[in-house]
Amino acid sequence: MKRVVHVVGTGTIGEPLIGLFTDFHDRMGIDEVTFHKRTPLESDRARIGHLMARGAKLATDPDRVNSYENMGHTVSYTSEEALERATVVVDCTPAGNQNKEDFYIKLKGPKGYLAQGSEFGFGKPYARGINEESLVAAEDKFIQIVSCNTHNITTLVKTISDEGEGVYCLDRANFVCMRRANDVTQVEKFVPAPSVGKHDDSQFGTHHARDAHGVFETLGMDLDMFSSAVKLNTQYMHSIWFQLRLTRDMDLEEVVERFRDNHRVATTAKREANLIFSFGRDHGYYGRILSQTVVALPTLVVRDKREVYGFCFTPQDGNSLLSSVAATLWLMEPNWDSVAERLEPLRRWVYQEI
Ligand SMILES: NC(=O)c1ccc[n+]([C@@H]2O[C@H](COP(=O)([O-])OP(=O)(O)OC[C@H]3O[C@@H](n4cnc5c(N)ncnc54)[C@H](OP(=O)(O)O)[C@@H]3O)[C@@H](O)[C@H]2O)c1
């Protein structure tokens, strides 16, 4: 049986993911990478050509085949054919839930499906290094890769408060997610000035804490978390202010040691988002940092022995890329040791220091 990964969507998440699967397909045990692009645009010709030159095969809707061929692209499959012959479908669109209803639940071929952060309810929420043990082989066919800030928040909480055997020394956690306006790949939705978010959820504040709570819920935990969000007029990176109130004393030394001991956490002496972003551009994969979070060490402080404060940066779409690959490999062969081996080629972009 051929192992085929099919990526739906070629945006900020989809494009690097297609590149990553094609570049490392042999080491990941993938035979073929296909992708679905919906809208034929002259302005997208170069990047679609580039993905195909790496070995990925284009699929599109039947009524768009001619438009793609007129632009010089070879269309290998219709969207339906590509879905049916896929082993794993990775939805990287803001329409994952809709696509699930319209297409995925009717398919017989694929072993599983992933959707991204915005698609709440698509399937079990997952973040690499947080809740692997909650995924059940053959049962969890639909997995939601949580948003980049949810990766960050869950990683902060687990790294600082996990005492082992399912015990977390966390009393309460608060976060302010300072979001970048739009991605550098996007031309719309820039904001001219800081735009503060509403607290739509009286229990969790914004969806960030609610989603993080949902990830820990898959492990049988009910953690007290609250988040606020503000969108900033920058395109660089999301930043997060955090306060973790613990149920036992912890000194700064232990906090730093815990961050340094987690190989999925990058620490940094830098305090400027542009410098972190620039590190990603210079050293990252497709410019992405695959670490779960970048913690600014000079900002850390412990107050009254039990309150940890600090700032960190979110490698937006880098951390969700790593989880997307991990979940895809798990759906193909549900063995986490084997997933870790097949993820080995990506390890060099999971930085421990920036
Ligand atoms: N950007 C991030 O940092 C980030 C991080 C974590 C999670 N996410 C989540 O990941 C998802 C994708 O985000 P993105 O930033 O990659 O979006 P994006 O850059 O806007 O790209 C969206 C892609 O989805 C395609 N698309 C949209 N609706 C579709 C549909 N109904 N059927 C097929 N294709 C469709 C678009 O195709 P055409 O252009 O060809 O029409 C485009 O290729 C969102 O849910 C987002 O919340 C994003």
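Structural remarks
- Of residues in segment 98-108 being under 21 Å from the mean Cα position of the chain (by Cα) and surrounded by fewer than 21 Cβ atoms within 10 Å (Cβ to Cβ), the one farthest from the ligand (Cβ to nearest atom): K100
- Within segment 109-143, the residues that satisfy the criterion of being away from the ligand (no atom under 13 Å from the Cβ) and acidic (D, E) are E132, E133, E139, D140.
- Residue that is surrounded by the most Cβ atoms within 10 Å (Cβ to Cβ) [pool: residues in segment 78-97 that are β-branched (V, I, T) and either in a helix (DSSP H, G or I) or more than 14 Å from the ligand (Cβ to nearest atom) (or both)]: V88
- Scanning segment 300-354 for residues that are of a type in the set (G, A, S) and surrounded by 14 or more Cβ atoms within 10 Å (Cβ to Cβ) yields G310, G318, S320, S323, S324, A326, A327, S338.
- Of all residues in segment 18-57, those being β-branched (V, I, T) and either near the ligand (Cβ under 10 Å from one of its atoms) or assigned to a helix (DSSP H, G or I) (or both) number 4.
- Pairs where the first residue, in segment 36-54, is under 19 Å from V5 (Cα atoms) and the second is of a type in the set (D, E, K, R) and more than 10 Å from the ligand (Cβ to nearest atom), C-beta under 7 Å, 6+ apart: R54/D23
- Spans of strands (runs of 3 or more DSSP E) in segment 214-306 with at least 1 residues under 23 Å from the mean Cα position of the chain (by Cα) and not assigned by TED's automatic domain parsing to the domain that holds F122: 225-232, 238-246, 265-268, 293-296
- For segment 1-18, taking the residues that are at pLDDT 95 or above and among the small types (G, A, S), the one that is nearest to the chain's Cα centre (by Cα) is identified as G14.
- Scanning segment 58-71 turns up no residue that is modelled with pLDDT of 95 or more, buried (at least 19 other Cβ atoms within 10 Å of the Cβ), assigned by TED's automatic domain parsing to the domain that holds A327 and away from the ligand (no atom under 14 Å from the Cβ).
- Condition check for R248: in contact (Cβ under 8 Å) with a residue 40 or more places away in the chain, of a type outside the set (A, V, I, L, M, F, W, C) and more than 20 Å from T154 (Cβ to Cβ): yes
The values are calculated or read from the model by the stated rules, or taken from the named source; none is laboratory data. Bear in mind that the values here come from a model prediction, so they are computed numbers and not experimental data. Here Cβ is always computed from backbone atoms with ideal geometry, including for glycine, and neighbour counts include all displayed protein chains.
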